[in-house]
Every structure is written in structure tokens, then in C-alpha cells.
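Okay, structure first, notes after.
Quick note: the coordinates plus some simple rules give every number you see, no bench work behind them. Just so it is clear, the model here is predicted, and its values are computed rather than measured. For neighbour counting, all protein chains shown are included, and Cβ atoms are generated from backbone atoms with ideal geometry for every residue, glycine included.
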Amino acid sequence: MHELSLAQGIVEQAVASAAQADAKRVVAVHLKIGRLAGVEPGALLFCYDDASKGTMLEGSRLVIHDVPLVVWCAHCLREVELPGVQSLRCPTCQTPCGEILQGRELQIESLEIEP
Ligand SMILES: [Zn+2]
């Protein structure tokens with residue numbers, strides 16, 4: 001399952017950074033997920049408990065921060081935030097937007113640790 005391997009990857013990354021910080025236990029993991037990352041937050045949360053079992057992340061919370069979709073509009077010459085992922089067009093001028101500036105993230109933002 002897609003989300004389970006993602007959850008395992010997140011747990012591995014968090015364990016590595018926590019070990020570097022000399023942490024005994026991780027209390028919470030803050031994760032940024034872009035609208036276009038193709039990740040179902042509910043499914044990821046569901047898999048997280050399993051993936052963190054037996055690691056120093058066991059019992060910790062996974063806090064998901066939604067990253068909005070932001071594109072560069074070459075017509076308006078500015079960054080625009082899109083309300084959804086269905087249409088990649090500038091809401092102001094309706095020009096199709098080529099460059100996605102934000103919204104594909106899947107990364108750990110921070111860890112709350114117990115030193
Ligand atoms: Zn525009």
C-alpha cells in the first residue's frame with residue numbers, strides 16, 4: 001500500500017533526525033503535504049501508528065500541515081494560490097499555469113522531541 005511505505009519512510013527519516021538530536025523519544029512529527037502530493041492524509045495517519053510501532057516514534061502524533069497549491073501566472077506576473085487541483089488555471093485571467101511553485105511537498109517540517 002502506497003501510504004504504508006510513505007509512512008515507513010517518514011518514520012525512518014524522523015528516527016534518523018531524532019537520533020542526531022540525541023532524543024529519547026519523539027512526541028510529534030509535523031509533516032507538510034502539498035495538495036498535489038497525491039497523499040491521502042487520513043490513510044497516512046492510519047498507517048502511521050503501525051509504521052512507528054517499535055521505534056522511538058511509537059505513540060507520537062503525526063501532525064499534518066496542508067500546503068496550498070501556488071502557481072506562477074506568466075500573464076499576471078505574480079504568484080497565485082489556486083482554490084483546487086482540478087483546474088491549473090489562474091483564477092484571475094484563466095491562463096493555464098505552467099510553473100508550480102508550491103503544492104508538491106511531502107516533507108517533515110519539524111519534530112517535537114523529548115531530550
Ligand atoms: Zn493570471
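Counted over the chain, the DSSP beta bridges are approximately 70% antiparallel.
So what is the relative contact order of segment 2-114, in percent, for Cα pairs below 8 Å that sit 6 or more residues apart? Each step should come with its number before you reach the end.
On the way: 213 pairs, mean separation 41.3, N = 113.
Relative contact order for segment 2-114 comes out at 37 percent.
Think of the chain as having a plus end and a minus end, set by charges on the Cβ of Lys, Arg, Asp and Glu; of 28, 98, 113, 98 sits farthest toward the positive end of this dipole.
For helix 41-52, report the angle its Cα long axis makes with the longest principal axis of the Cα atoms of the chain; keep it between 0 and 90° and round to the nearest 10°. Its long axis makes an angle of about 20 degrees.
Its Cα gyration tensor gives segment 2-114 an equivalent ellipsoid. The semi-axes, each the square root of 5 times an eigenvalue, are 34, 14, 9 Å from largest down. Give me the angle, in degrees from 0 to 90, between the Cα long axis of helix 2-20 and the longest principal axis of the Cα atoms of the chain, rounded to the nearest 10. Helix 2-20 and the main axis of the chain meet at about 60 degrees.
Helical content of the chain, expressed as a calculated mean residue ellipticity at 222 nm, amounts to -9000 deg cm²/dmol (DSSP H runs of 4 or more residues, -39,500 (n - 2.57) each, divided by residue number, nearest 500). Packing, as the average of other Cβ atoms within 10 Å across residues, places the peptides 67-73, 87-93 in the order 67-73, 87-93, highest first.
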